[in-house]
Each structure stands twice: as structure tokens, then as C-alpha cells.
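Written below as C-alpha cells is the structure these notes are about.
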Amino acid sequence: MSGELSPQVAANELGFEGALRPATLDEFVGQSKVRRQLRLLLDAATIQQRTPDHILLAGPPGLGKTTLSMIVAAELDKPLHQTSGPAIQHAGDLAAVLSALTPGEVLFIDEIHRMARSAEEMLYLAMEDFKIDIMVGKGAGATSIPLELAPFTLVGATTRAGLLPNPLRDRFGFTAHLEFYDEDELSHVVQRAAGLLGFDVAAAGVSEIAGRSRGTPRIANRLLRRVRDYSLVHGTPGDVEAVHAALTLYDVDAHGLDRLDREVLRAVVERFGGGPVGLSTLAVSVGEEAETIEAVVEPFLVRAGLLSRTPRGRVATRRGWEHTGIPIPDAL
Ligand code: ADP
């Protein structure tokens, strides 16, 4: 998935994203329940002078999981070590990270569902007892040497909580399910980011950007940046006309659906008569990986009321049909 509406981060955006990240729980917009839950968890640990329970953050990309991990470390006033599931291919990779942690450090593992199985087993013990067993040697002469770790807090992030093995999921004291943001919250995100960028956007322009951001702060910030480019190049103010012109240029539709969202919806309607169609068949028909469809595209289409998941497969809703502009057959 690529383009302005992809909720995944592009390499050239890292600096820009960093500049816009809220630094404290109070600055973090929306997700009020998760914020209150986290606040309680952190405050209780501080009072008891211990490390907080391990935290699992689940939800689609771009909703603030990395940001929250940074906030947890900042609120605890402890250093943060960031890594990701795909970077941990062997138990040894994880052992190197764990053994270097300082007392109370926060370890963030993004895409934790993609970590190697052998490392997962090492992580169980580390999470529970702050210990690991390091294997030395091979074959009959191999021995395991126990190693004590500094107490740490693991913050795991996943777009697919269902893929985590139960023993791993059970070792998190708290799981936060991040939800898509509503338009008011996204307006707040846009306003805050515009302030930080020193770019003045009219209120109507702010809501227009919020309405087309797929419920996702990362996309809201990115669209804001395109509007700012537009105003800069054309010497216009950040009014609603500039927003329309910029977003039309980048092919962002009025509901905030992007190319892949539209393709998936069209495929269900046009090629499979509105469904039901299985995930893998659907993925092949649009030339994308099933994981991307399931973790990135579907949650938003379902939330927008355009698609539903049934035990027999994916089905386009009436609204979904209407969105494609293809007439609904009488038989449906
Ligand atoms: P994830 O790790 O879930 O993919 P990130 O934490 O990297 O998402 O967030 C993506 C971008 O969106 C960041 O630049 C961050 O500044 C912004 N963002 C995310 N959540 C919020 C929020 N609640 N309030 C303000 N900005 C946010």
C-alpha cells in the first residue's frame, strides 16, 4: 500500500513524524479510555516504586502505538529501547537486546507478532522472571547459562493481536485496543500539528482534512503537509479551497478511501457479486498480501460501514455498493 493515504510510515517522513509526536499522555489526543487506563497503570507503579506491568498496544497502523511507547518511557522518566519483530530473527538477537537493558528501561517491540518463535520462548521467561537462559555450545555438550536481567517494561505493538500466541498475550498485564479516531479528535490532531508547523488553516479546512483521514492521525498529518505544500507553492491561504484542491490532486476521496480501499471494495462488488468472498481470494484478485488487506484495509472499510465480515467471507454492504456507484441488483 502506498500513497498519501497509506497508514504505514514512509522512510522520508520520520523526521516530520518525530516533530509532531505528542510527548505526554495529556498532549495525546483522543483514546481517552486507553489514556486513563495507562495513567492508572503508570501512577500505581510509581507509587509502589516498581516497573509497571508489560503493555500490549493493538490496532491498525498510524493510530499512535509508537507514540504511546515513547510517552510511557517519558512519563516514567526512563530510557526507551526500540526494536521490531522482524529485526528479531533468532533468540540471540533478543538476548543481546535484553541483556543490555538498564533498570526500569522501556523496551518497545513493534510488530511483535513477527518475531521468531525461538525468541518468543525466551521472551516468556524474560517477561515473567526477568531472566533468560543462554545456550552455549551445540549438540550433546550444549549447556544453558541463566542470566539475570534488569527489571524492564515491555511495550509490544501489533496490528494483529489475534496472531499472538496465547502464552505471549497472557504475559501482558494490560492490553490497549486503539480505535480509529472520530472527526473531532482528528480535527484536534490537525489543529495541533498545524500550530507546530506554523501553518494557519481555516476551521472549515481543518474539518475537511479530518473527514478524509481514514480515522488515522498519521494520515491527517500527512494530508495537512500536502495542503501546506499547496498553499506555499500557490501563495494561497490554508482555506477550504486549498484543502479541496490539494486533496483532489492527490486523489483522496470524500470518505477518505484510498486507491487500495476502493480497489478492494470494487473487487468484492464487481468480481464477486458483492460477496461473500474469502480473504485470500480477495487478496489475489487485487494483487496485495492477505495480511495488508486484513490489518490495514478491512478494519477501516468495516468501520465505515462499507464491508462486513461474515463467517462465509467478506460481503459488501448496501453503502458499500453505493460507494462504488454500481447499481445494486434487485435480487440483493
Ligand atoms: P503507529 O505506531 O500506531 O503506527 P505512530 O505512533 O507512529 O503510529 O503515530 C503516527 C503519527 O501520528 C505520529 O506522527 C504522531 O505524531 C501522530 N499521532 C498518533 N496518535 C496521535 C494522537 N493521539 N495525537 C496526536 N498525534 C498523534
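The values are calculated or read from the model by the stated rules, or taken from the named source; none is laboratory data. Source: prediction; values computed, not measured. For neighbour counting, all protein chains shown are included, and Cβ atoms are generated from backbone atoms with ideal geometry for every residue, glycine included.
Which residue pairs have Cβ atoms under 7 Å apart, sit 6 or more places apart or on different chains, and have a first residue in the stretch 97-114 that is within 12 Å of Ala87 (Cβ to Cβ) and of a type in the set (A, V, I, L, M) and a second that is surrounded by fewer than 19 Cβ atoms within 10 Å (Cβ to Cβ) and at pLDDT 95 or above?
If the second residue must be surrounded by fewer than 19 Cβ atoms within 10 Å (Cβ to Cβ) and at pLDDT 95 or above, the pairs left are Val97/His81; Val97/Thr83; Ile109/Thr83; Ile109/Ser84.
Return the only residue of Gly162, Gly156 being surrounded by 15 or more Cβ atoms within 10 Å (Cβ to Cβ) and under 21 Å from the mean Cα position of the chain (by Cα).
Numbers: Gly162 fails: surrounded by 15 or more Cβ atoms within 10 Å (Cβ to Cβ).
From the options Gly162, Gly156, the qualifying one is Gly156.
Please verify whether Glu148 is acidic (Asp, Glu), surrounded by fewer than 21 Cβ atoms within 10 Å (Cβ to Cβ) and under 19 Å from the mean Cα position of the chain (by Cα), treating the condition exactly as stated. Steps first, please.
On the way: acidic (Asp, Glu): yes; surrounded by fewer than 21 Cβ atoms within 10 Å (Cβ to Cβ): yes; under 19 Å from the mean Cα position of the chain (by Cα): no.
Considered against the rule, which asks whether it is acidic (Asp, Glu), surrounded by fewer than 21 Cβ atoms within 10 Å (Cβ to Cβ) and under 19 Å from the mean Cα position of the chain (by Cα), Glu148 comes out as no.
Pairs under 7 Å by beta carbon, first residue over 30 Å from Arg50 (Cα atoms) and assigned by TED's automatic domain parsing to the domain that holds Glu120 in the stretch 130-145, partner hydroxyl-bearing (Ser, Thr, Tyr) and loosely packed, with under 10 Cβ neighbours inside 10 Å, six or more apart or different chains?
Within 7 Å, the pairs are Val136/Thr143; Gly137/Thr143.
Would you mind finding the one in Leu41, Leu80, Leu107, Leu101 that is touching a His at 6+ places or on another chain (Cβ under 6 Å) and over 25 Å from Val227 (Cα atoms)? Show your work before the answer.
Values: Leu41 fails: touching a His at 6+ places or on another chain (Cβ under 6 Å); Leu80 fails: touching a His at 6+ places or on another chain (Cβ under 6 Å); Leu101 fails: touching a His at 6+ places or on another chain (Cβ under 6 Å).
Every option except Leu107 fails the conditions.
Assuming Met1 fulfils every condition listed in (1) under 25 Å from Asn221 (Cβ atoms); (2) more than 10 Å from the ligand (Cβ to nearest atom); (3) surrounded by 16 or more Cβ atoms within 10 Å (Cβ to Cβ); (4) modelled with pLDDT of 95 or more apart from one, which condition is it?
Among (1) under 25 Å from Asn221 (Cβ atoms); (2) more than 10 Å from the ligand (Cβ to nearest atom); (3) surrounded by 16 or more Cβ atoms within 10 Å (Cβ to Cβ); (4) modelled with pLDDT of 95 or more, the lone unmet condition for Met1 is (4).
Can you report the number of residues in the stretch 47-94 which are part of a helix (DSSP H, G or I) and either within 16 Å of the ligand (Cβ to nearest atom) or touching a residue at least 60 places away in the same chain (Cβ under 8 Å) (or both)?
Looking only at the stretch 47-94, we keep the residues that are part of a helix (DSSP H, G or I), and these are 47, 65-76, 85-87, 91-94.
Within this subset, residues satisfying the condition of being either within 16 Å of the ligand (Cβ to nearest atom) or touching a residue at least 60 places away in the same chain (Cβ under 8 Å) (or both) are 65-76, 85-87.
So the answer is 15.
With the structure loaded, tell me whether Leu168 is part of a helix (DSSP H, G or I) and within 15 Å of the ligand (Cβ to nearest atom) or whether it fails that test. Write out each step before concluding.
Working: part of a helix (DSSP H, G or I): yes; within 15 Å of the ligand (Cβ to nearest atom): no.
For Leu168, the condition - part of a helix (DSSP H, G or I) and within 15 Å of the ligand (Cβ to nearest atom) - is not met.
Residues Glu17, Glu105: which one is of a type in the set (Asp, Glu) and within 11 Å of the ligand (Cβ to nearest atom)?
Working: Glu105 fails: within 11 Å of the ligand (Cβ to nearest atom).
Exactly one residue qualifies, and that residue is Glu17.
Residues checked against (1) part of a helix (DSSP H, G or I); (2) touching a helix residue (DSSP H, G or I) at 6+ places or on another chain (Cβ under 9 Å); (3) more than 22 Å from Leu57 (Cα to Cα):
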| residue | (1), (2), (3) |
| --- | --- |
| Leu125 | yes, no, no |
| Pro151 | no, no, no |
| Ala157 | no, yes, no |
| Glu179 | no, yes, no |
| Asp184 | yes, yes, yes |
| Gln191 | yes, yes, yes |
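Would you mind stating whether Val97 is under 12 Å from Val155 (Cβ atoms) and either within 13 Å of the ligand (Cβ to nearest atom) or not basic (Lys, Arg) (or both)? Step through it out loud before you land on a result.
On the way: under 12 Å from Val155 (Cβ atoms): no; either within 13 Å of the ligand (Cβ to nearest atom) or not basic (Lys, Arg) (or both): yes.
When the stated conditions are applied, Val97 does not pass them.
Is it the case that some residue within the stretch 5-12 is hydrophobic (A, V, I, L, M, F, W, C), without any contact (Cβ under 8 Å) to a residue 40 or more places away in the chain and within 15 Å of the ligand (Cβ to nearest atom)?
Let us first name the residues in the stretch 5-12 that are hydrophobic (A, V, I, L, M, F, W, C), namely 5, 9-11.
Adding the requirement that they be without any contact (Cβ under 8 Å) to a residue 40 or more places away in the chain leaves 10-11.
Subset that is within 15 Å of the ligand (Cβ to nearest atom): 10-11.
Checking the stretch 5-12: at least one residue is hydrophobic (A, V, I, L, M, F, W, C), without any contact (Cβ under 8 Å) to a residue 40 or more places away in the chain and within 15 Å of the ligand (Cβ to nearest atom).
Limited to the stretch 21-46, what total is found for residues that are within 12 Å of the ligand (Cβ to nearest atom), outside any loop (DSSP other than H, G, I, E, B) and surrounded by fewer than 18 Cβ atoms within 10 Å (Cβ to Cβ)?
Here the count works out to 2.
For the stretch 263-293, how many residues meet the condition of being surrounded by 19 or more Cβ atoms within 10 Å (Cβ to Cβ) and without any contact (Cβ under 8 Å) to a residue 12 or more places away in the chain?
1
Which one of these does Arg225 not meet: (1) within 16 Å of the ligand (Cβ to nearest atom); (2) under 18 Å from Thr292 (Cβ atoms)?
Condition not satisfied by Arg225: (2).
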